[in-house]
Amino acid sequence: MLRDLFRIKPLVLAHQETSLRRSLGAFDLILLGIGAIIGAGVFVITGIAAATKGGPAITISYVVAGIASLFAALAYAELASSIGGCGSAYAYAYAGFGEFIAWLIGWNLILEYAMSVATVAIGWSGYVNNLLQTLNIHIPDALQKNPFEGGVINFLAFGIVILLSILLSIGTKQSARFNACIVFIKLATVAMFIIVASQHVNPANWSNFAPFGWTGIMQGAALVFFAYIGFDALSTAAEETVNPQRNLPIGIIGSLIICTFIYIIVSALLTGIVPYDTLNVQSPVSDALLRLGFPIAAGIIAAGAIAGLTTVMLVMYYGFTRVCFAISRDGLLPKFFSNINHRTHTPISLIMLSGIVIALIACFTPIDRVAELVNIGTLTAFAFVCGGIVILRWTKPEMHRPFKTPWSPVLPILGVLTCLYLMLNLPSITWWRFVIWTIIGIIIYFTYSRQKSLLNIKNNSQPK
């Protein structure tokens with residue numbers, strides 16, 4: 001039984017009968033990556049992390065989180081170009097660690113992506129509500145707050161998730177074009193902040209550079225890691241990418257490097273123009289510009305934040321559906337989730353059903369509760385991906401690798417250790433909820449997934 005539990009899936013993962021249309025190039029992937037990474041990190045997390053964790057040293061936190069993400073990105077690039085498939089870390093774990101570990105990774109990726117979309121949807125609704133208020137349009141509290149905050153339903157959060165589900169159902173290329181347009185708006189917004197803020201830096205704001213010490217910097221790194229979780233969604237696009245062996249590494253590494261530089265610059269300027277302890281607000285970037293006396297620029301930043309958060313939701317939602325699609329195609333989830341619409345070449349049933357579930361979470365749940373589990377699931381997946389490089393270099397040395405992680409196994413091992421270290425800096429309540437979710441996944445695996453697995457059915461049908 002133990003041997004069956006860790007049965008390895010063959011490295012050829014493409015299934016022609018449910019294959020997705022290849023339509024994404026390297027430029028599409030870089031824009032998708034920027035769309036997923038630049039968003040909540042710049043417009044929300046930076047201020048909160050600076051005020052409560054790192055102070056002006058939040059720039060170092062971003063460097064640490066960026067290094068951890070780079071280790072994982074190099075591993076993702078190698079596995080995405082070598083193995084492919086639309087399942088991201090789930091598919092790689094299936095090839096490197098076996099079915100049971102792959103299921104646990106996939107189960108936690110489902111949690112990561114779903115909670116990410118719900119979290120950003122709640123933040124998005126707050127920005128939109130603030131923008132409407134500046135236009136003297138007021139939404140009743142009953143329709144803009146969840147029951148835990150004294151309202152009835154967060155209607156805006158519900159609506160944006162449903163709208164994105166419709167967009168994703170239309171087709172991947174159309175979604176990528178929509179994402180590209182908003183990414184350019186978002187980058188222009190960030191550029192405006194950099195231009196304005198760079199002229200009003202007060203070095204005195206950096207005098208108490210690390211008020212919470214090294215512990216605060218590391219806790220800040222664990223918190224701002226949320227800002228980087230989008231790039232792994234690119235690896236879920238392997239089956240919809242033209243020449244994935246070349247374009248996936250370019251998209252993953254390119255978007256991560258670009259976004260890391262943006263985060264470092266923005267966090268340094270943000271803590272340089274106002275005291276760090278004033279940044280624990282819902283919209284720290286626009287709030288800082290208001291303090292400087294730039295209301296028009298602050299309004300434009302708020303509009304850009306709405307655009308930025310929209311693309312984050314789009315790409316994370318895309319990654320969620322593709323992970324579920326891959327797991328279902330392997331038989332570990334019901335076949336319903338891998339049905340492809342012949343006209344749009346997208347899993348419409350999966351997209352619409354999951355959209356309703358995520359929308360309900362977003363409209364009835366407080367943002368802090370849905371955000372807590374995102375980072376630990378991501379760090380777990382990243383650690384397994386980095387470990388997968390080491391294992392596959394040993395077990396499959398003959399495998400064709402169009403892109404190879406440099407200095408292996410040193411960098412992959414450093415990636416595992418860095419992810420584990422950041423996990424240790426997360427709150428204990430996050431660990432408890434993570435354990436409960438994992439136990440639920442184990443129960444589902446042994447009561448359903450293990451028996452329905454296509455690999456299990458194939459092995460049982462072979463002559464003994």
- Message: Between a residue in region 114-128 that is among the polar types (S, T, N, Q) and any residue that is modelled with pLDDT of 85 or more and buried (at least 24 other Cβ atoms within 10 Å of the Cβ), which pairs come within a Cβ distance under 6 Å, given they are 6 or more apart or on different chains?
- Response: S125/N154; S125/A157
- Message: Just to verify a result, which residue in region 140-152, among those that are without any contact (Cβ under 8 Å) to a residue 40 or more places away in the chain and closer than 18 Å to P366 by Cβ, is surrounded by the fewest Cβ atoms within 10 Å (Cβ to Cβ)?
- Response: G150
- Just one of the numbered conditions (1) in contact with a Phe, Trp or Tyr (Cβ under 7 Å, 6 or more places away or on another chain); (2) modelled with pLDDT of 90 or more; (3) surrounded by fewer than 24 Cβ atoms within 10 Å (Cβ to Cβ); (4) under 21 Å from G33 (Cβ atoms) is not true of L164; which one? (3)
- Tell me which residues, restricted to region 273-331, are part of a loop (DSSP other than H, G, I, E, B) and over 22 Å from the mean Cα position of the chain (by Cα). V274, P275, L279, N280, V281, G293, F294, D330, G331
- Is there a residue being out of contact with any helix residue (DSSP H, G or I) (no Cβ under 7 Å at 6 or more places or on another chain), part of a helix (DSSP H, G or I) and open to solvent by less than 70 Å² (accessible area, probe 1.4 Å) anywhere in region 406-415? no
- Message: Testing S286 on (1) under 30 Å from N108 (Cβ atoms); (2) at pLDDT below 85; (3) surrounded by 24 or more Cβ atoms within 10 Å (Cβ to Cβ), one condition comes back false. Which one is that?
- Response: (1)
- Within region 215-238, track down each residue that is open to solvent by 10 Å² or more (accessible area, probe 1.4 Å), at pLDDT below 85 and either over 11 Å from the mean Cα position of the chain (by Cα) or of a type in the set (G, A, S) (or both). L223
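Taking W437, is it at negative phi, open to solvent by 30 Å² or more (accessible area, probe 1.4 Å) and of a type in the set (F, W, Y)?
Working: at negative phi: yes; open to solvent by 30 Å² or more (accessible area, probe 1.4 Å): yes; of a type in the set (F, W, Y): yes.
It is true that W437 is at negative phi, open to solvent by 30 Å² or more (accessible area, probe 1.4 Å) and of a type in the set (F, W, Y).
Conditions tested, residue by residue: (1) in contact with a Pro (Cβ under 7 Å, 6 or more places away or on another chain); (2) in a helix (DSSP H, G or I).
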residue	(1), (2)
V201	no, no
P211	no, no
Q245	yes, yes
I250	no, yes
I264	no, yes
- touching a residue at least 60 places away in the same chain (Cβ under 8 Å), of a type in the set (V, I, T), buried (at least 22 other Cβ atoms within 10 Å of the Cβ) and farther than 16 Å from A26 by Cα: does that describe V281? no
- Message: Being at pLDDT 90 or above and touching a helix residue (DSSP H, G or I) at 6+ places or on another chain (Cβ under 7 Å) is the requirement here; does L70 meet it?
- Response: no
- Query: Which residues, counting only those in region 346-401, are open to solvent by 60 Å² or more (accessible area, probe 1.4 Å) and within 26 Å of S81 (Cβ to Cβ)?
  - Reply: F384, R393, W394, T395, K396, P397, E398, H400
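Of all helices (runs of 4 or more DSSP H) completely enclosed by region 45-118, which ones contain at least 3 residues that are surrounded by fewer than 24 Cβ atoms within 10 Å (Cβ to Cβ)?
Values: elements: 46-49, 58-82, 89-96.
Here the list reads 58-82.
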- Note on the structure: Just one listed residue, out of I361, I376, I391, is under 26 Å from F225 (Cβ atoms), in a helix (DSSP H, G or I) and touching a Gly at 6+ places or on another chain (Cβ under 7 Å), and it is I391
- Query: Do you know which residues across region 202-214 are among the aliphatic types (A, V, I, L, M) and surrounded by 15 or more Cβ atoms within 10 Å (Cβ to Cβ)?
  - Reply: A210
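The values are calculated or read from the model by the stated rules, or taken from the named source; none is laboratory data. What you see is a predicted model; the values in this text were computed from it and never measured. Counting neighbours? That spans all protein chains shown, and the Cβs are built from the backbone with ideal geometry, glycine included. The accessibility values were calculated without ligands, DNA or RNA, using every heavy atom of the protein model including side chains. Shrake-Rupley method; radii C 1.70, N 1.55, O 1.52, S 1.80 Å.
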